[in-house]
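The values are calculated or read from the model by the stated rules, or taken from the named source; none is laboratory data. This structure is a prediction, so every number in the text was calculated from the model and none was measured. Quick reminder, even Gly has a Cβ in these numbers, built from the backbone with ideal geometry, and neighbours come from all protein chains shown. All accessible areas refer to the heavy atoms of the entire protein, side chains included, with ligands and DNA or RNA removed. Shrake-Rupley method; radii C 1.70, N 1.55, O 1.52, S 1.80 Å.
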Amino acid sequence: MIIIMKKDASAHNIQKICKQAGKSGLAVDILKGTGRTIIVIENIRGPLESSPFELNEDVEKIIPIAESYKLAGRNYKSESTVVKVGEAKIGGKELVLIAGPCAVENPDQIFAISDIVKKAGGKILRGGAFKPRTSPYSFHGLGEEGLKLLAEAGNSAGLAVVTEIIEVDQIDIVAQYADMLQIGSRNMYNYQLLKEVGRLKKPVLLKRGLSATIEEWLNAAEYIMNEGNHEVVLCERGIRTFETQTRNTLDISAVPIIKELSHLPIIVDPSHGTGKWNLVPSMSCASAAAGADGLMIEIHPNPDEALSDGFQSLNFDSFMELAKQLKKIAMAMGRSFG
Ligand code: PEP
Ligand code: MN
């Protein structure tokens, strides 16, 4: 942090700041410029709270020099993090395809889906068992039965599985079946849940909050990492804007921005990002071309009959077609696929 003092700052007030910083064990440097004093305070642990210094009447301006997300930042680690989930390596050369239903509904549905995901070159099967729904009257998932079916279907097709955890007390049961735990959009600000998954030794898929800035999203990742779990994959899934043509506004620019600010992998979910199945192929291709490390796509054997999010789910034909296009884009981007 850089503190610029007022021109006529008193020696007493300059000393006061140095003492305050010294007391907390922080390194202090004083630069005497052209009549103005500049104090540089360094903290090896992370960003500093500026409020105690703001109260000093001789302080003109405070400039933070560290991001509030330290562990998640590129400054902490310059090489990109690669998160291994089953056979997939997310954040490396590969463009990783994750697909599955919004919710696990029954054995026929999830086994048919796991076969097609494998066939398309997918590496991870997704499927909700505990569903956070906007309406209390909607389908909320099969619970543990859904987790079992997801794990069985993944296992039989040779796919890792990812599923959402919505409450702290589900952690043991979800971790028992899932290879990667998803923190959904609605829970990005649930700091207790973030801390709990931070204590696990399992990869976490952290979705961007409905109206979260990129900085808030990276701070949510920081909560997980600060507990010791550095296997975090970020997922852009659209944010709420004034536009009503789509369910959310998919922020593809988040991909290169995250790549610059953070070493963590980033994937894109164009299904929730648009809320319209017919927009999913083009937005998937655009995300891959923007440098995303993977895609998460909702699919269903009969989208018309899906118990949740059928309107944004691809059927098997359009999914296979999309996989072919993604392979071409991956190659053009110098990535592998499938
Ligand atoms: C989901 O992936 O099933 C989901 C509910 O997504 P989101 O948290 O992005 O709404
Ligand atoms: Mn869904």
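Just a few scattered comments:
- Test: residue in the range 106-123 that is closer than 16 Å to Gly338 by Cβ and within 20 Å of the chain's Cα centre (by Cα): yes
- Count of the range 290-334 residues which are surrounded by 19 or more Cβ atoms within 10 Å (Cβ to Cβ) and not in a helix (DSSP H, G or I): 15
- Applying the criterion of being touching a residue at least 40 places away in the same chain (Cβ under 8 Å) and under 22 Å from Lys70 (Cα atoms) to the residues of the range 1-32, the residue that is surrounded by the fewest Cβ atoms within 10 Å (Cβ to Cβ) is Ile2.
- Qualifying residues in the range 287-338 (those that are in contact (Cβ under 8 Å) with a residue 40 or more places away in the chain and basic (Lys, Arg)) - the one farthest from Lys131 (Cα to Cα): Arg335
- One residue alone among Asn229, Asn248 is in contact with a helix residue (DSSP H, G or I) (Cβ under 7 Å, 6 or more places away or on another chain) and over 30 Å from Glu152 (Cβ atoms), and that residue is Asn248.
- Considering residues of the range 200-229 that are away from ligand 1 (no atom under 13 Å from the Cβ) and of a type in the set (Lys, Arg) only, the residue least open to solvent (accessible area, probe 1.4 Å): Lys202
- Checking each residue in the range 114-140 for being crowded, with 24+ Cβ neighbours inside 10 Å and either at pLDDT below 95 or within 14 Å of ligand 1 (Cβ to nearest atom) (or both) picks out Ile124, Leu125, Arg126, Gly127, Gly128, Ala129.
- Ile62 vs. criteria among the hydrophobic types (A, V, I, L, M, F, W, C) and touching a Ser or Thr at 6+ places or on another chain (Cβ under 7 Å): yes
- Of the candidates Gln176, Gln192, the single residue that is at pLDDT 95 or above, farther than 18 Å from Glu231 by Cβ and part of a helix (DSSP H, G or I) is Gln192.
- Looking across the range 152-163, the residues that are in a helix (DSSP H, G or I) and surrounded by 21 or more Cβ atoms within 10 Å (Cβ to Cβ) come down to Ala153, Gly154.
- Test: residue in the range 248-258 that is part of a helix (DSSP H, G or I) and either open to solvent by 30 Å² or more (accessible area, probe 1.4 Å) or within 13 Å of ligand 1 (Cβ to nearest atom) (or both): yes
- Only listed residue being at positive phi, among the small types (Gly, Ala, Ser) and in contact with a Phe, Trp or Tyr (Cβ under 7 Å, 6 or more places away or on another chain), chosen from Gly158, Gly91, Gly121: Gly121
- All told, Glu236 meets the bar of being assigned by TED's automatic domain parsing to the domain that holds Leu295, in contact (Cβ under 8 Å) with a residue 24 or more places away in the chain and open to solvent by less than 10 Å² (accessible area, probe 1.4 Å).
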